[in-house]
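Step one of this worksheet: look at the structure below.
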Amino acid sequence: MSQVMQVLVSVNSVAEARLVLAAGVPLIDLKDTSHGALSALDLGSSAAIVGAVKAHQQQYPAASITISATVGDRCASAADLIALIEHRLQLGVEVIKLPEAIWDDATYQSVIDDFIAQGKRMIAVLLPLSLKDAALEKRLQGLAQQGYWGVMVDTPQKSTVLVEMVAMPLLARFVQGAKSLQLRVGIAGGLSLADVESLSDIAPDYLGFRSGVCMDGQRSKGLAPERVHMLVSQVSGNLLDIGL
């Protein structure tokens, strides 16, 4: 379990991947950023991005980079889920993110269990409202027992901001509960650079960004290089301030 908070940035093209790699972002997330929080990026674009990341790693062997991807907001069947996951793993994606509509559905449990048994790393993405659930601790325990690699919270619509929906004590409870179960834990959802300091205090393993590092704060306009560099610098500075 990492003790240093990291940055995850969602990308949808090779150009964006190279931009965040140049800034030193260690967690690269593949996503169709023109739609919802967990819309799957097409396989062609995904393959090209994975190739660019691997080329970067060959050029800079010391760089520690993890590639994650979502399989989409929903799927049609268990067979569909298998294909969605397998295709991305075959490309070289290392971590698969599953939305609550999938991981909390009994229909898909045997499929998920099979991938976890193979050692595949899965992240269960929780909706903000789930952090207000009195049964949160029990649900986290269930995910840990099932063998999930990690959990994160994200907003389904990027017009909503996580820190305005969920109070900081509840976010801290989520982070602490996940860490106590050895689950890697992330926080995302319309975050801005202004949120880094307060969220650093509760020490998640990573913060996920997209709109907050886009031009004019609009995810449809693409990543702004200066904002990505500012994010990496700000996270590093806050870790020094709190002694991590």
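The values are calculated or read from the model by the stated rules, or taken from the named source; none is laboratory data. The structure displayed is predicted, hence computed values, not measured ones. Neighbour counts are summed over all protein chains in view; Cβ atoms, including those assigned to glycine, are modelled from backbone coordinates with ideal geometry. Quick note on the areas: whole protein, heavy atoms, side chains included, nothing else; ligands and nucleic acids left out. Shrake-Rupley method; radii C 1.70, N 1.55, O 1.52, S 1.80 Å.
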Item to check | When residues of segment 38-72 are limited to those that are in contact with a Leu (Cβ under 6 Å, 6 or more places away or on another chain) and touching a residue at least 40 places away in the same chain (Cβ under 8 Å), the one nearest to residue 104 (Cα to Cα) | outcome: 70
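Tell me, which residue of segment 61-71 that is of a type outside the set (Val, Ile, Thr) and at pLDDT 95 or above is surrounded by the most Cβ atoms within 10 Å (Cβ to Cβ)?
Across segment 61-71, the extreme among qualifying residues is 69.
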Checklist outcome for this item: Among the residues of segment 13-44, the number that are open to solvent by less than 50 Å² (accessible area, probe 1.4 Å) and closer than 19 Å to residue 220 by Cβ is 17
Next on the checklist: Among the residues of segment 141-152, are any among the hydrophobic types (A, V, I, L, M, F, W, C), touching a Cys at 6+ places or on another chain (Cβ under 9 Å) and on the phi < 0 side of the Ramachandran plot?
Outcome noted: no
Next on the checklist: The conditions are (1) modelled with pLDDT of 95 or more; (2) surrounded by fewer than 16 Cβ atoms within 10 Å (Cβ to Cβ); (3) over 21 Å from residue 6 (Cα atoms), and residue 74 fails exactly one of them. Which is it?
Outcome noted: (1)
Checklist outcome for this item: Over segment 73-87, the set of residues touching a residue at least 24 places away in the same chain (Cβ under 8 Å), farther than 23 Å from residue 207 by Cβ and charged (D, E, K, R) is 74
Checklist outcome for this item: The one condition residue 207 fails out of (1) touching a strand residue (DSSP E or B) at 6+ places or on another chain (Cβ under 9 Å); (2) farther than 18 Å from residue 152 by Cβ; (3) at pLDDT 95 or above is (2)
